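Nothing in this text is a laboratory measurement; each read-out follows from the coordinates by a stated rule. Since the structure is predicted, the reported quantities are computational estimates derived from the model, not experimental observations. As a convention, Cβ positions derive from the backbone with ideal geometry for all residues, glycine included, and neighbour counts pool all protein chains shown.
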Amino acid sequence: MSEGARSALASSRGGASRASTRGVSFREQGHGSEDIEMMVQVLNKHLKMNLTLVSFDELSSSKPSRLLDLLNNLIGYLSSDYKGDLNKEAPEQTFQRVMHFLVVILGFKHLRQENQNELASGVMNGDRKTLYPIIFSICQKIEDMKKRVYLAKYMVEIKVPDEFLMDQEVSNVYQQYKQLIQNFKTTHQQTSTLRESTQDPEEIKQRIFKMEREKEQLKVKNEELTKKIRELTNDSESFIDLTSKLNKEQDERFSLEKSQQDQLHKLRESEDRLAQVQKLLAETERDIGSGDVDSLIENLEDVVTKLREETQSKLPTEIGEKQYKIDILKKVSNMSSMTDALLSVDSDIRRLKEEITTLQDELSQKTENQQNKDDNRLTSMVKVVQKKKQDMEKRLHTNQKELSKVQAKIKKVEDDLKQFDGQKIPTAEEFEQLRQEVMQKANIAKKMKAELGELKKENLVLRRTEEILKSKDEKVEQFLRKLEQEKGIQGFRQVQKEIIDASQTKNEIDKEKGETLEEISKIVQELNEKINAQKERLKQPVKQLKILREEHQTVENEYNDKKAVYDNIKLGQESEVTKLRSDIKELQEEIERQQSLYYLLQSQGTINNAMRKRIDDEKDFLDPKSGKKFSLEYQSYTSFLKGRIEKLEQLSKELREKQKYIKETHDPNMKQIEQFTNLRKLLELKMRLQKEGVTGSVHLRQAFGNNNSEAFAPPGVDRLVIN
């Protein structure tokens, strides 16, 4: 059965089988061994059992009540309040307890639609057709079931009869009870949202630790790379040596690759020759195995003919070509002296080498002059950038001081205003004037902050430019140090720089001292005037602010109350929507299940119709009156199958006879193969002896004895007779 048919047989809320499928077995409902194995794994994990597929199957076959005991233990695992003692509890109470837990707590409401008598009988007797789907539904979503049991303690409403609700006190308590349920829903929903949105602190710590470790590794790698780069830049000669070594290694690698290609080419040629020899050997062995001596001799004659042609035609040609090349090389090596043309070419080469040397000297001199010009230009650029950087740092320092002074003024004014709550209230014109002054100062502060940000960005760019120029200025510094050493004024630039820096620092300090004293006196005077003028201005606005704060608090409390009511209504609507969606999903799954069952029955019907048609055709074939036949050769399916059986039996008989013949002729054939193998060895020995001559025959007679002299006689005189 398809996977869709299996899933369609599960309930939407609990996953249990419906009433329409309770009359069939668990496997007939579409559940396979995978589902039973899942049940066994869940029971072993949560109930600490040691079940196997076999022992789980024996629970109902050996003693049906053990399956009910298993369901009772599973219910007790989910909720200890609903676990009962089956030995002491009456069957009716057990059934009511189990049904209340399944229907009310777990939501298996479809169980109410079944025949209660049959359901009670199946549950109490431990019928696997009844209990297997229930246990499967619980095991399939056991975590959801645990959550449902936990929520059921607080969300399942207690039904109070209407006559008791007529009492005002009972009605109030019941309303409070429903309100508490709503509060629990809201709190649980918020808690679930927080748990889903909040990350695990341990996970965050691990990520931070991992990132810090990666940071340290990157630092180490960065330091190593920086060190290597500095070593390479400081030791240019070693860098050049390494480059030359690299070029040599690349050339050697190229030559090795070329040599490897040559060796591979030779290897392929050798493999081709080996394949030809193996092919020839295989053909020879095949001829020997087949026992055809004439074909073997013909093949050997062909091989000898080919070898003779190669030795008479191909080899002399190759030898002649190589001899011609050797003669040419000998003539060249025997020449006494170079010709006039070679001498003129040699003189031209020497003249060109001298011109190349002259041009290289001129090029190096021009390069050195250009480098000196570039060094002077870089030095001037560095000085300009350093001066601009110093100016920007001064402006930044000045703006930071002004900003800190303004912030201190604002803070002091705020502190003074807090102390003058009981003074005279300013007029509207004075308050407006004060507001405008504050706005102006705020605008000035914003402009200063923007200017400060721009200065920081420009300072960052200038620092980066300075670093780049300094990295390029190393050669200039080396040149200047070398020049100072040559002129005998080593350290002159450093002393001059320190003198200029000291004079600039002194001028800046003197200027800042004068400006600071003037600003302090002005600020003190302005603050005294403003404090005296604004002591009584802020009393009324402060009182109005207090009144507005009280009104704001009242409005906020009212808003919170109404928002709580709104949240409760919204939660109720959301729960209703969730319930409707669940019902829709349940109906959709029911439709899918019915469709799957429909297609299954339709396929089975098609198969049954085909089988029925074959049976009807067989009846017509067997009826002489119908005049129908299965084929031209056979009357019916039965005769066709009988004919096939007879043919197979005849074929089996022929194969057995062939097997018997092979067994009978196997030993003589093997003996004949052995004789021809010995014949081949003797022929090879005769050929070798013919090449070696009489000496070989003497040694062979001594090796095999004088009794076999006829077998080793010279060829063409005697012949070998095989008895």
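Straightening the chain between residue 613 and residue 164 buys 154.5 nm, computed as 0.36 nm per residue apart minus the Cα-Cα spacing.
Label segment 620-677 by shape, choosing from rounded, prolate and oblate, from the square roots a ≥ b ≥ c of the eigenvalues of the Cα gyration tensor; if a/c is under 1.5 it is rounded, and otherwise prolate applies when a/b is larger than b/c, oblate when it is not.
Values: a/c = 9.73, a/b = 5.80, b/c = 1.68.
Because a/c hits 1.5 or more and a/b exceeds b/c, segment 620-677 counts as prolate.
Stretching the chain fully between residue 257 and residue 642 yields a gain of 131.4 nm (0.36 nm per residue, less the alpha carbon separation).
Please report, to one decimal in angstroms, the Kirkwood hydrodynamic radius of segment 113-154 built from all distinct Cα-Cα pairs.
11.7 Å
Shape class of segment 536-693 from the alpha-carbon gyration tensor: oblate, with a/c at 1.5 or above and b/c at least as large as a/b. Between the beta carbons of residue 45 and residue 665, assuming R0 = 60 Å, the FRET efficiency works out to 0.30 to the nearest 0.05. Checking every one of the GluC sites (Glu not before Pro) in segment 532-578 against DSSP loop status and a limit of 12 other Cβ atoms within 10 Å picks out no site at all.
Can you sort 280, 131 by how many other beta carbons sit within 10 Å, fewest first?
280, 131
Computed extension gain for residue 686 through residue 441, at 0.36 nm per residue and net of the alpha carbon distance, reaches 75.6 nm. Placing R0 at 56 angstrom, the Cβ-Cβ distance between residue 157 and residue 215 gives a FRET efficiency of 0.50 after rounding to 0.05. Anisotropy class assigned to segment 28-186 is prolate, per the alpha carbon gyration tensor with a/c at or over the 1.5 cut-off and a/b larger than b/c. Given q = 0.25 Å⁻¹, what are the Debye log10 I(q)/I(0) values for segment 574-665, with equal point scatterers placed on the Cα positions and solvent ignored? Values, matching the q order: -1.13. The ranking of 145, 448, 439 from fewest to most other beta carbons within 10 Å of each one's beta carbon is 439, 448, 145. Each residue in 127, 623 was given a count of other beta-carbon atoms within 10 angstrom of its own, and listing them fewest first yields 623, 127. On the beta carbon distance between residue 677 and residue 622, with R0 = 51 Å, the FRET formula returns roughly 0.20. Modelled spin-label separation between residue 657 and residue 592, with each label point placed 7 Å from Cα along the Cα-to-Cβ direction: 6.5 nm. When the C-alpha to C-alpha distance is required to be over 32 Å, the pairs from 83/109; 219/258; 401/497; 447/522; 221/456; 219/405 that qualify are 219/258; 219/405.
When only alpha carbons are used to place a centre, segment 560-596 and segment 630-675 end up 75 Å from one another. Of the GluC sites (Glu not before Pro) found in segment 37-93, those in coil by DSSP whose Cβ has at most 16 other Cβ atoms within 10 Å are 89.
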